[in-house]
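In what follows, a structure is listed as structure tokens, so that the remarks can point back to it.
The values are calculated or read from the model by the stated rules, or taken from the named source; none is laboratory data. Note that this is a predicted model, so its numbers are computed, not measured. Cβ placement follows ideal geometry from the backbone for every residue including glycine, while neighbour counts extend to all protein chains displayed. Protein only, heavy atoms only, side chains kept; ligands, DNA and RNA dropped before computing areas. Shrake-Rupley method; radii C 1.70, N 1.55, O 1.52, S 1.80 Å.
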Amino acid sequence: MGIDKKIIRQSSGDKPLMIYDCGITEYRPMLDLQLELVEKRISDIIENTVLILEHYPTVTLGANKAKNILLQTKDNLAGENIDIVDIRRGGGATAHNPGQLVVYPIVSLKSLGLGISEYVRQLEGIGMELLKTLSIHAERSKGQPGLWIGQEKIASLGVKVKRHITYHGMAINLSNDLCIFNNIVPCGIENVRMTSAELQTGKEIDIEAAKQALADIIMHFWGR
């Protein structure tokens, strides 16, 4: 299954960067695309690349097996047309569905002059800046990657790095149905409550406008 992607931002010069809108996609083909782009970035065939998208309903299980806690059987999830995918990114179980904005950077840490910890903080910073455009103040929580509003989690983060090239990334709840998280213990954190931009503001969120804003913010961080 091919993935249609359109360029929404690009830069050249000493920090070339391509940002693509991939629409709404199935998870597995997008994972395959990420892995393909990682190899191309390692070989310096492509420049730093960021994919912005939404996913059809999916539960992903991370590298930390102790944090992969399902509250439904895999058969029950499949019966609700929720795909279950084992992957190797950091963290535990999380969920994706339309209305959640996902960003997958395939970028060279060396080209950006970043270590992994700095990169994670910048990725969180990008999410915080996007939420600011929606009049939402989100914060980091020490020892718990992602973004929080008080005790409620609005963005999940899980990254993987291969030969200094990043993949996987961050998922920000904008207007998605949060009931999908009732099937898991999000990131293995007991009693965590998930929230969304729509719940926080009481307003309908324009996903396409959010994509454009996110692309601008990413370009500011990594493309100039």
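Things worth noting here:
- Filter result (hydroxyl-bearing (Ser, Thr, Tyr), open to solvent by less than 60 Å² (accessible area, probe 1.4 Å) and at pLDDT 95 or above) within the range 132-166: Thr166
- Residue satisfying condition, being under 19 Å from Phe221 (Cβ atoms) and among the small types (Gly, Ala, Ser), within set Ser135, Ser175, Ser117, Ser141: Ser117
- Residue match in the range 22-37 (condition: in contact with a helix residue (DSSP H, G or I) (Cβ under 8 Å, 6 or more places away or on another chain), under 19 Å from Leu214 (Cβ atoms) and buried (at least 19 other Cβ atoms within 10 Å of the Cβ)): yes
- Yes/no for Ile172 being under 14 Å from Val102 (Cβ atoms), open to solvent by less than 30 Å² (accessible area, probe 1.4 Å), of a type in the set (Val, Ile, Thr) and assigned to a helix (DSSP H, G or I): no
- Pick from the range 175-198, criterion of a type in the set (D, E, K, R) and either assigned to a strand (DSSP E or B) or under 17 Å from Pro57 (Cα atoms) (or both), ranking: least open to solvent (accessible area, probe 1.4 Å): Asp177
Let's see how each residue does on (1) without any contact (Cβ under 8 Å) to a residue 12 or more places away in the chain; (2) closer than 21 Å to Asn48 by Cβ; (3) assigned to a helix (DSSP H, G or I):
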position: Glu129; (1), (2), (3): no, yes, yes
position: Ile136; (1), (2), (3): no, no, no
position: Ala155; (1), (2), (3): no, no, no
position: Val161; (1), (2), (3): no, yes, no
position: Gln200; (1), (2), (3): no, no, yes
position: Gln212; (1), (2), (3): no, yes, yes
